[in-house]
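Data block below; observations after.
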Amino acid sequence: MKKIFRARLVGMGIVSVLIMGFVTEIQAVGHYVPGTNGGFDDAQMPPPGWAFRVDKFEYSASETMDNNGDKTDINFDLNVSGIAPNLHFTSQSPKLFGARFGVRVAAPYYLQKDIEISANTPGGPVSIADGKESGIGDINIAPFLLGWGGPKMSYTSFLGFSFFIPTGDFDASKDMSKGEGFWSYHLEAGGRIFLDSDKKWWSSAISVLSINGQQDGTNKDMGNELSIEYGVGRVFFSGPFLINPALAGFGYWQLTADDDPAIPNNQEESHVKYAVGPELAVIFLPKNLLIKARALYEYGVKNGPKGKNISITMKYSF
């Protein structure tokens, strides 16, 4: 799992008064940020037993968009990279409603989180540069996951609940922190279906509804969110390998605006973004080992950064 990152452009002293109303937030609001799921192997439970997965992700953006989807005049450079290991257990046989039962725990580790912002204002130029942040972020626990279907069936689906614990270090005085400073709760659902009788062409989707709490140190009520990730592709077999090129993407919508006591009228503008790009997954079938690479390019962004998301995933089932 990964997240992106909260940064506020504020002035100092008299300048802060002169640019009141020019305060700009650049963020994708909560813990769950789409970009690594939605592919061939994502919209299903792992096979019975244990599965270890790690995502290496990089997000970069050099421009930010306003409420109309137009580029702002802010000079902006955001870079975030990290790894997100998670451990998953799936029951050996159907246990509930004909589904296999599963649990999951994940803990992102940030290798780099830094931002630079500058802009010309009525009070003169203003700039912010937050130094590199690294360390463990907020832990995610999924105590309840249900999965239907299997590799020999024409469909798979899953349903689950997870939550993030604010274990990562959060400092309200900084523009970047390893943690988000609030609890969040997530309803997850998804599925994959083969589109032909030979089970070569497929389509999948994963949706995550995020209910976010109040942020410590700011008393800010974080807005709720909906993310939908998707993929469509074709399966090829080459000896012991399953090779899977695909087109992947996502849509992200902030359903309720943040309620921030520090912002006039409290309500901030809601965030929207979409992304699309190529994905290539290779599965070594004898060892249940998957390696996947993906590059997503954002478009249709409102009230947030517009950038690209590159990720590499490794998953091993045992």
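One residue stands out among those in the stretch 246-274 that are outside any strand (DSSP E or B) and among the β-branched types (V, I, T): the one that is modelled with the highest pLDDT, which is T256.
So, of the residues in the stretch 214-245 that are part of a loop (DSSP other than H, G, I, E, B) and over 19 Å from the mean Cα position of the chain (by Cα), which turns out to be nearest to W148 (Cα to Cα)? Step by step, filter the stretch 214-245, then rank; the result is V235. For the stretch 97-156, give me each residue that is at pLDDT below 85 and aliphatic (A, V, I, L, M). Scanning the stretch 97-156 gives L111, I115, I117, A119, V126, I128, A129, M153. Considering only residues of the stretch 175-203 that are among the basic types (K, R) and modelled with pLDDT under 90, which is farthest from S134 (Cα to Cα)? Of everything passing the filter in the stretch 175-203, K199 is farthest from S134 (Cα to Cα).
Is one or more of the residues making up the stretch 205-213 surrounded by 21 or more Cβ atoms within 10 Å (Cβ to Cβ), touching a residue at least 60 places away in the same chain (Cβ under 8 Å) and over 20 Å from the mean Cα position of the chain (by Cα)? No, the stretch 205-213 contains no residue that is surrounded by 21 or more Cβ atoms within 10 Å (Cβ to Cβ), touching a residue at least 60 places away in the same chain (Cβ under 8 Å) and over 20 Å from the mean Cα position of the chain (by Cα).
Is one or more of the residues making up the stretch 222-240 in contact with a helix residue (DSSP H, G or I) (Cβ under 6 Å, 6 or more places away or on another chain) and closer than 22 Å to P46 by Cα?
Here is the first cut: in the stretch 222-240, the residues in contact with a helix residue (DSSP H, G or I) (Cβ under 6 Å, 6 or more places away or on another chain) are 240.
Checking which are closer than 22 Å to P46 by Cα leaves us with 240.
The answer is yes; a qualifying residue exists.
Out of G233, G251, G217, one residue alone is buried (at least 16 other Cβ atoms within 10 Å of the Cβ) and under 30 Å from N303 (Cα atoms). It is G251.
The values are calculated or read from the model by the stated rules, or taken from the named source; none is laboratory data. Treat the numbers as computed from the prediction; the structure is a model and nothing was measured. We place every Cβ from the backbone using ideal geometry, glycine too, and count neighbours over all the protein chains shown.
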